[in-house]
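**Q** Below are the structure tokens for one structure; questions will follow.
The values are calculated or read from the model by the stated rules, or taken from the named source; none is laboratory data. Since the structure is predicted, the reported quantities are computational estimates derived from the model, not experimental observations. Here Cβ is always computed from backbone atoms with ideal geometry, including for glycine, and neighbour counts include all displayed protein chains. Surface accessibility is based on the protein's heavy atoms, side chains included, excluding ligands, DNA and RNA. Shrake-Rupley method; radii C 1.70, N 1.55, O 1.52, S 1.80 Å.
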Amino acid sequence: MPAWGPCDDGIRIAVRVTPRGGRDALTAGTEDHFAARLSAPPVDGAANAALLPLVAKHFGVPKRAVTIVAGETARLKRLHIAGDPHILARIAQALYGGAP
């Protein structure tokens, strides 16, 4: 799966999470996933709880628009971001350094 792809009501993205990684940041990873560094530990869902608002902030959507669809307890997660697929895809491309 590429790092992101459109779906009917938004986009799906793949994110590799590094808990206890210093300050929170979402950046381009590889062509297969984004990279998220989180200050939260991977205990009791703290990293997942920190990931969702971080992704929402970068994509300009409310926190409730971001959900984990796979990898709840894994380092590599798949997220669904609800919204306009075209706008969200442009934001994803911009995070990778491409023109929005």
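**Q** Taking the 0 to 90 degree range and rounding to the nearest ten, how far is the long axis of helix 85-95 tilted relative to the main principal axis of the chain, both from C-alpha atoms?
**A** 60
**Q** How big is the antiparallel share of DSSP beta bridges in the stretch 1-42, given as a percent to the nearest 5? Walk me through the numbers on the way to the answer.
**A** On the way: 9 of 13 bridges.
Antiparallel bridges: around 70 percent, rounded to the nearest 5.
**Q** In percent, how large is the relative contact order of the chain, given Cα pairs closer than 8 Å and 6 or more residues apart? Numbers along the way, then the final one.
**A** Values: 202 pairs, mean separation 29.7, N = 100.
Across the chain, relative contact order equals 30 percent.
**Q** Here is a further query. Add -39500 (n - 2.57) for each DSSP H run of 4 or more in the chain, then divide by its residues: what number comes out at 222 nm, to the nearest 500 deg cm²/dmol? Walk me through the numbers before you get to the answer.
**A** Values: 2 runs with 25 residues, N = 100.
Helix contribution divided over all residues of the chain: -8000 deg cm²/dmol.
**Q** Report the extension gain between Y96 and H80 in nm, rounded to one decimal, defined as 0.36 nm multiplied by the number of residues separating them, less their alpha carbon distance.
**A** Working: separation 16, 0.36 × 16 = 5.76 nm, distance 1.81 nm.
Using 0.36 nm per residue and subtracting the Cα-Cα distance, I get 3.9 nm.
**Q** Could you state the accessible area per residue of the stretch 17-100 in Å², with a 1.4 Å probe and every protein chain left in place?
**A** 56
**Q** Hey, for a label at A35 modelled as a point 7 Å past Cα toward Cβ, could you say which residues of the stretch 70-100 have their backbone N under 14 Å away?
**A** It comes to 96-97, nothing else.
**Q** Just checking my list [x] 1.01; [y] 0.93; [z] 1.10 against Rg/Rh (Cα atoms, Kirkwood Rh) computed from this structure; which label fits?
**A** So the structure-derived entry is [y].
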